[in-house]
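Here's the structure we're looking at; comments come further down.
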Amino acid sequence: MTTHVQTELDDPVRKFRPRGERGPLASVVLHVSLLIASAVAVLPPMWLLVTSFKPKSEAFSTALVKDFTLGNYDHVLNDTHFLSWLGNSLLVVGLTTVIGVFISATTGYAVSRFKFPGMRPLMWLLLITQMFPVAVLIVPLYNLLAGLGLLNQPVGLVITYLTIAVPFCAWMMKGYFDSIPVEIDEAGRVDGLNPFGTFWRLIVPLAKPGLAVTGFYSFITGWAEVAYASAFMTGEENLTLAGGLQTFVNQYTSDWGSLTAAAVIVAVPAAVIFGFAQRHLVSGLTAGAMKS
């Protein structure tokens, strides 16, 4: 007795689908999922933008803007310490970005290229510092800054933000420098360059993508951080933008119109920096590929 097993080869109607090609149902599910994810991502900033142009009485209205107004922006810019907050943030973020990129790049390069006593414990120390939540570190950092007389000082906030940005960025830069051939360093030494000259003149131009990401991460660390800025800076004129936003909505007041207007203004520089970093990343990757 013979049995016949039905296989795909026996079915002349059934067709094989090339590998990687999605079926109609899978395509529909994928596109619906992408649309839902896009809506979830876009809805909050769109609501923020629309609310900033509404009168305060319509802040919680689900309708679009009926009575368009710039009063919220006028109040934020002219009747609050917003410009002082902006100046404080630019100072803190600028110092954090420049110092953070320099320390992270030099640390990552040293760990990537040189072998020295304590190198492995140093890398573990940088990694362990990322494991502690902000709530645990506020009290010891507060006592440390108070002992040094750096409370309510931009320098104290810069030092605090460097403890966040440098460990992560140093690890990232170390991995990026590992991908750059060591032969480039050897060629620099043959040409008479010292280690720092090799780093500055040969390696840094090839590391532009990594430096751009490091700079952007350091910028965001100082621009959007709230907990440390609120704990270590007192007085409305000394606050940064992230800390100043809290003054609009707290247990005593709830000015949602001013909050949304200020949030929109705060988001603009971050978007500009991100666009610049993105273009710089692409150009840096292209330049590195051509040189290698």
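Every number in this text was worked out from the coordinates using simple rules, so none of it is lab data. Quantities reported herein were computed from a predicted structural model and do not represent experimental measurements. Glycine gets a Cβ as well: all are built from the backbone with ideal geometry, and neighbour counts include every protein chain shown.
Side notes on the structure shown:
- Once both labels are positioned 7 Å from their Cα atoms along Cα-to-Cβ, the gap between A41 and W200 label points is 4.0 nm.
- Between M172 and L144, the simple spin-label model (points 7 angstrom out along Cα→Cβ) gives 2.1 nm.
- Exposed loop sites here are trypsin sites (Lys or Arg not before Pro) assigned a DSSP state other than H, G, I, E or B and surrounded by at most 12 other beta carbons within 10 Å; excluding them, the longest clear run of the chain is 116-292.
- For D191 and F132, the difference between the fully extended length at 0.36 nm per residue and the C-alpha to C-alpha distance is 16.8 nm.
- Semi-axes of the equivalent ellipsoid for segment 73-291, Cα gyration tensor, largest first, Å: 37, 21, 13
- Exposed-site-free run, longest, the chain (rule: chymotrypsin sites (Phe, Trp or Tyr not before Pro); DSSP loop; at most 13 other C-beta within 10 Å): 115-251
- Most positive-pole-ward Cα, I180, T221, V190, against dipole of segment 73-291 from beta carbon charges: V190
- With the simple model of a label 7 Å out from the Cα in the direction of the Cβ, N78 to F116 spans 5.7 nm.
- Axial C-alpha extent at least 18 Å, average Kyte-Doolittle at least 1.0 - helices from the chain (DSSP): 24-52, 82-113, 134-148, 154-178, 256-291
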